[in-house]
1. Skip the ligands, DNA and RNA, and give the accessible area per residue of the protein assembly as shown with a 1.4 Å probe, whole Å².
2. Over the whole of B:11-23, what's the average partner chain Cβ count within 10 Å per residue? Rounded to a whole number, please.
3. Which of B:Leu52, B:Leu12, B:Leu82 moves the most in a Gaussian network model of chain B with Cα springs under 10 Å?
4. Considering only protein heavy atoms, with the full assembly of protein chains and a 1.4 angstrom probe, order B:His137, A:His80 by accessible area, largest first.
5. Describe numerically, in nm with one decimal, the distance between label points set 7 Å from Cα along Cα→Cβ at B:Gln79 and at A:Ala87.
6. If you count, for every residue in A:86-95, the Cβ atoms of partner chains within 10 Å of its Cβ, what is the mean?
7. In terms of Cα to Cα distance under 23 Å, which lysines are near enough to A:Lys89, apart from those fewer than 8 places away along the same chain?
8. Across peptide A:19-30, how many C-beta atoms of other chains are within 10 Å of each residue C-beta, on average?
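The values are calculated or read from the model by the stated rules, or taken from the named source; none is laboratory data. Keep in mind it's a predicted model, so treat the numbers as computed, not measured. All Cβ positions, glycine included, derive from the backbone under ideal geometry; neighbour counts span all protein chains shown. All accessible areas refer to the heavy atoms of the entire protein, side chains included, with ligands and DNA or RNA removed. Shrake-Rupley method; radii C 1.70, N 1.55, O 1.52, S 1.80 Å.
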Amino acid sequence: MHPVLKHLIETDFSDLSGSRVEGQIALSDDIINLGLHEVLNQLRRAPTPENVAPASPPRPAAANTLPDPRLLLSKVDVEHLKYRTEAGKTVVEIKAGV
Amino acid sequence: MAVPASPTLQTLLREPAAALAGTDLSLTLPLTRALLNEVLAARPAGTPIRELYVDPEANNRCRVHLAADAPVIGTVSRQLMLVPGAAVTFPDQPWLRFDIESGLKFLDKPLINLVQGQIESRLPRGVDVSSDYVRIHMPALLTHLGYQQLVPLIHQLRISSEANRLLLHLHLKAN
């Protein structure tokens, strides 16, 4: 794990306090469609019950396991979040802070 | 640049201006002293910088503790007070500049001017050092790191300092 990410996790993301994002993110139809096909391909490759290996016994969480994303999301204050589409693109308007 | 496994992300990074056309996003990212020094500790090896710590202060002042291998005179340690400069805007103002307000000793300035070329040849591409300032040519540095496609998206980049943290102000825009 990158030392900076490790530091953020160990300090409960407190160093991100004061972060702000405001504006809009636009994604082209091409990139959305590419993403859809990628998700579909991943679902097709998902293991079926016949070829799944026997479950290994549960192991304790490794030290470098990524934290539950809900931990970070619980610190995010979303003031504005709006989805819309325009010709050829998908737009997400956002105003949020940590 | 590390290449992501996802073809979608690969395309996005290869042609960000097309994939993100219409994006207009302002970000403020605080970099606390602890986080900043973690980032600096993870810097690439092989540069003349032996030690580098940053101590952000109020009134847009930033103290830098530096130990570096210098040509002719060996290892030099200094505490410099830097003042972040004007915002980077593309394409008119590509330099992220920090003026050196204090911390250089009597003979440092003429020595730096004398060996400026040797210092710069050992720093990452885009980093320019003189006796008055440290400045970074952001397009050159991003290109050196493999992120040249992202350069046109950076509408404005500014760094300011307050007690215990630097603030990174970034305005991304893709037309």
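1. 61
2. 4
3. The residue that fluctuates most here is B:Leu12.
4. Largest to smallest exposure gives the sequence A:His80, B:His137.
5. The two pseudo-label positions are separated by 6.2 nm.
6. 2
7. Those lysines meeting the cut-off are B:Lys173.
8. Per residue, the number of nearby Cβ atoms from other chains is 6 on average.
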